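The values are calculated or read from the model by the stated rules, or taken from the named source; none is laboratory data. Predicted, not measured: the structure shown is a model, and the values here were computed from it. Don't worry about glycine lacking a Cβ; one is built from the backbone with ideal geometry, like all the others, and counts go over all protein chains shown. When the accessible area is computed, the model is the full protein with side chains, heavy atoms only, and any ligands, DNA or RNA have been set aside. Shrake-Rupley method; radii C 1.70, N 1.55, O 1.52, S 1.80 Å.
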Amino acid sequence: MYEKILVPTDGSETAENAVEHALDLAEKYGAEVHALYVVDVDSMSLSLGAEQVDRLQQGQFDEMEEVKAKAEEATGYVADRARAHGLKTVEHIAGGQPHGVVAEYAEDHDIDLVVMGSHGRSGVKRALLGSVTERTLRSTHVPVLVVDVRDEEE
Ligand code: ATP
Ligand code: MN
């Protein structure tokens, strides 16, 4: 049923908590774990030139050390935890609109389940769901497991 599980992460504590749910299921099903970080191009476009925006959209982060480091830290956390459980893992960093990239990645890689946090870095806790999660639910037919940890944090 679940051969490939996608964990979109923005490096937030909430996303990291969702990882444990993904790993438990991956262990039980012998699934491969895909960690995906999306560099949010829209949120950066005001401070960048058109050329840099283009490069981000094509997934070229090599000259943007800070962006790359943050992305690698986020996917690396998921991959390290998954490897510690002996699971096969794939790390991926892409540029674009987070929900769009997540939905597209799920489609392109035959993902069976997406596991993500209810909230993320900007964390407006009053909203039931963060916008990336809400939009992902609207953008894909792949089942999504949303891990809500608001109670633990408050
Ligand atoms: P908002 O961004 O709407 O202000 P938020 O930051 O609290 O609110 P979301 O961004 O929707 O909430 O984050 C919810 C979950 O979506 C995260 O726990 C993570 O799993 C995933 N996510 C968010 N941003 C990204 C991203 N840039 N790349 C990959 N996954 C992401
Ligand atoms: Mn967010």
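Just so you know, in the range 41-60 the residues that are surrounded by fewer than 17 Cβ atoms within 10 Å (Cβ to Cβ) and either under 19 Å from Ala74 (Cα atoms) or hydroxyl-bearing (Ser, Thr, Tyr) (or both) include one that is farthest from the chain's Cα centre (by Cα), and it is Ser47. Counting only helices (runs of 4 or more DSSP H) that sit completely within the range 80-154, those holding 2 or more residues that are within 12 Å of ligand 1 (Cβ to nearest atom), at pLDDT 95 or above and in contact with a Pro (Cβ under 8 Å, 6 or more places away or on another chain) correspond to 98-108, 131-139. Against the list (1) closer than 17 Å to Asp148 by Cβ; (2) away from ligand 2 (no atom under 11 Å from the Cβ); (3) of a type in the set (D, E, K, R), the condition Asp110 fails is (1).
Of a type in the set (Phe, Trp, Tyr) and touching a Gly at 6+ places or on another chain (Cβ under 8 Å) - does that describe any residue in the range 54-63? Yes, the range 54-63 has at least one match. For the range 61-79, filtering for residues that are over 18 Å from Glu32 (Cα atoms) and either under 18 Å from the mean Cα position of the chain (by Cα) or not in a loop (DSSP other than H, G, I, E, B) (or both) leaves 10. Close contacts from the range 124-139, counting a first residue that is open to solvent by 70 Å² or more (accessible area, probe 1.4 Å) and a second that is of a type in the set (Ser, Thr, Tyr) and within 7 Å of ligand 1 (Cβ to nearest atom), with Cβ to Cβ under 8 Å and a gap of 6+ residues or different chains, come to Leu128/Ser118.
Note on the range 24-49: residues that are under 16 Å from Leu113 (Cβ atoms) and in contact with a strand residue (DSSP E or B) (Cβ under 7 Å, 6 or more places away or on another chain) amount to 8.
In a residue-by-residue description of the range 22-40, the property of being under 27 Å from Val124 (Cβ atoms), over 12 Å from the mean Cα position of the chain (by Cα) and open to solvent by 50 Å² or more (accessible area, probe 1.4 Å) applies to no position.
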